[in-house]
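Undergrad: This is the structure, below, for whatever I ask next.
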Amino acid sequence: MSSEKGSRSGKGHGRRLHGLGEDPELARIVARYAPERLETLPEEGSFCVHIAPRGLMGQLVEELGDSVLAIRGRAVLARGESRPCWAQTSWLHPAWIPVASISDAARKLSAIQRRWSAHLDRESGLNRRATLIEEALPRVKRTPLVFGEEFTPHPMGAYLLWNKELVLASAETTSPFADGEVHFVENREDPPGRAYLKLWESFTIFGVRPAPGALCLELGAAPGSWTWVLGNLGTRVFSIDKAPLAPHIESMPNVNHCLGSGFALTPDLTGRVDWLFSDMICYPERLLSLVRQYIDARAMRHALCTIKFQSDEDHNLIAAFASIEGAKIRHLSCNKHELTWFYTEPEA
Ligand SMILES: C[S@@+](CC[C@H](N)C(=O)[O-])C[C@H]1O[C@@H](n2cnc3c(N)ncnc32)[C@H](O)[C@@H]1O
């Protein structure tokens, strides 16, 4: 896969960063941005807070580059209003709130709004206090979602304890879920793998899913847990992979699978589809030129693709995916070293 250097020139930190604690260079950067090293607290309105996905702090820090001000747990304080792809959620209007006690903190937060979640940081020694504040706040339902049941994305505020007497809180965040992590009641019996969670999460957070009867083209489908989701939604699935689907998926009545390469298909062969899906393991640049073909030919209404990275991420390439009109990029809770690209064709 991609061998290009991942860091943005003049922006990144000049080398690959792996999970927190695994890489001495990353440990050095995290230490450099330790909250104690800030001379003054950043002014409200001048920064946002971005929560790194577990094990992917390096990707977020690299994407944010020189705008990083401080790191506390998985929370990265960064100048400006950027919306990094590698953030699990972003706190849009963080404010400093002096607090005299646990009950004072709960009173001040609940005066702002009802729904809050604490960002916990093992290293801070303040987790117990942060949790006690959470317990003193109005109760927020935390049960895992059941896919298919109605879900209303209520706004979720987020806070962390900067120290015993200071809360950093934002009433507005980009995700209705605590730390941006979505949990489902899982099905461990029917799908042939856990990748189905990517579709469940995507359909939940983007708020769009294929309607029954929709024509879905699925590239890189084996062993078939996405196919299982699409088949159960009542869509017509045409899937392709170099490998076969699990037999119980291939025998679904609305699934047609063929063996071959997803790159051998082109819009003139497939015709227009309602949804294009790709979970193929491939170079991101190959995927980009594939989706561009379908966009240029107006051959898909929606697309949902996993952009997979082997080692380095090419930020220019990610920016190229993000700049496509009608596209969004997210790091899903169940994405590992990959991003999810969602596209809806703009009205003509
Ligand atoms: C991560 S798996 C897909 C998992 C699948 N979404 C599921 O839910 O079960 C990636 C798949 O991409 C397939 N693949 C890799 N290159 C491909 C290509 N050029 N054309 C079609 N499939 C490809 C692999 O054979 C593999 O089955």
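Undergrad: Of the cross-linked pairs LYS108/LYS141; LYS141/LYS198; LYS141/LYS308; LYS242/LYS336, which ones have a Cα-Cα span greater than 27 Å in the structure shown?
TA: Beyond 27 Å between Cα atoms: LYS141/LYS308.
Undergrad: Whole-Hz ³J(HN,Hα) for each residue in segment 186-191, computed from phi via Karplus 6.51 cos²θ - 1.76 cosθ + 1.60 with θ = phi - 60°, x for glycine and proline: what do you get?
TA: Result, ordered by residue: 7, 10, 9, 9, 8, x Hz.
Undergrad: Here's another thing I want to ask about it. Gaussian network model of the chain, Cα springs within a sub-10 Å range: biggest mean-square fluctuation belongs to which of SER170, SER90, SER46?
TA: Largest GNM mean-square fluctuation: SER46.
Undergrad: With θ set to phi - 60° and the Karplus curve 6.51 cos²θ - 1.76 cosθ + 1.60, what are the ³J(HN,Hα) couplings of segment 144-161 in order, to the nearest whole Hz, using x for Gly and Pro?
TA: With coefficients 6.51, -1.76 and 1.60, one gets x, 6, 9, 4, x, 7, 4, 10, 10, x, 6, x, 10, x, 9, 8, 9, 8 Hz.
Undergrad: Roughly what % of DSSP beta bridges within the chain run antiparallel, to the nearest 5? Spell out each step's value before the answer.
TA: Numbers: 33 of 56 bridges.
Expressed as a percentage, antiparallel bridges in the chain total about 60.
Undergrad: Ignoring everything except DSSP H segments at least 4 long, calculate the 222 nm mean residue ellipticity for the chain; use -39,500 (n - 2.57) per segment, divide by total residues, nearest 500. Please report the intermediate quantities before stating the final value.
TA: Values: 10 runs with 86 residues, N = 348.
It lands at -7000 deg cm²/dmol.
Undergrad: Could you sort 104-112, 236-244 so that the peptide with the highest average Cβ count within 10 Å comes first and the rest follow in order?
TA: My ranking of the peptides, most packed first, is 236-244, 104-112.
Undergrad: Expressed in nm to one decimal, what extension gain is obtained for the pair ALA211 and LYS242 from 0.36 nm per residue of sequence separation less their Cα-Cα distance?
TA: That pair, ALA211 and LYS242, stretches by 8.4 nm at full extension.
Undergrad: Under the 0.36 nm per residue contour assumption, what length would be gained going from the current alpha-carbon distance of GLU165 and ALA111 to full extension?
TA: Using 0.36 nm per residue and subtracting the Cα-Cα distance, I get 17.7 nm.
Undergrad: Another question about this same structure. Going by Cα centres, segment 291-327 and segment 203-279 are how many Å apart?
TA: Cα centroid of segment 291-327 versus Cα centroid of segment 203-279: 18 Å apart.
Undergrad: Considering only DSSP beta bridges with both partners in segment 105-172, what is the antiparallel share in %, to the nearest 5?
TA: Just about 60 percent of them are antiparallel.
Undergrad: Contour minus end-to-end for GLU347 and ARG79, with contour as 0.36 nm per residue of separation and end-to-end as the Cα-Cα distance?
TA: Values: separation 268, 0.36 × 268 = 96.48 nm, distance 3.47 nm.
Stretched fully, the GLU347-ARG79 segment lengthens by 93.0 nm.
Undergrad: Along its principal axes, what span do the Cα atoms of the chain show, with the longest given first and each in whole Å?
TA: 65, 44, 40
Undergrad: For segment 196-344, what's the relative contact order in percent, using C-alpha pairs closer than 8 Å and at least 6 residues apart?
TA: The normalised contact order for segment 196-344 reaches 20 percent.
None of the figures in this text is laboratory data; all of them are computed from the coordinates on show. Since this is a predicted model, take the numbers as computed values, not measurements. For neighbour counting, all protein chains shown are included, and Cβ atoms are generated from backbone atoms with ideal geometry for every residue, glycine included.
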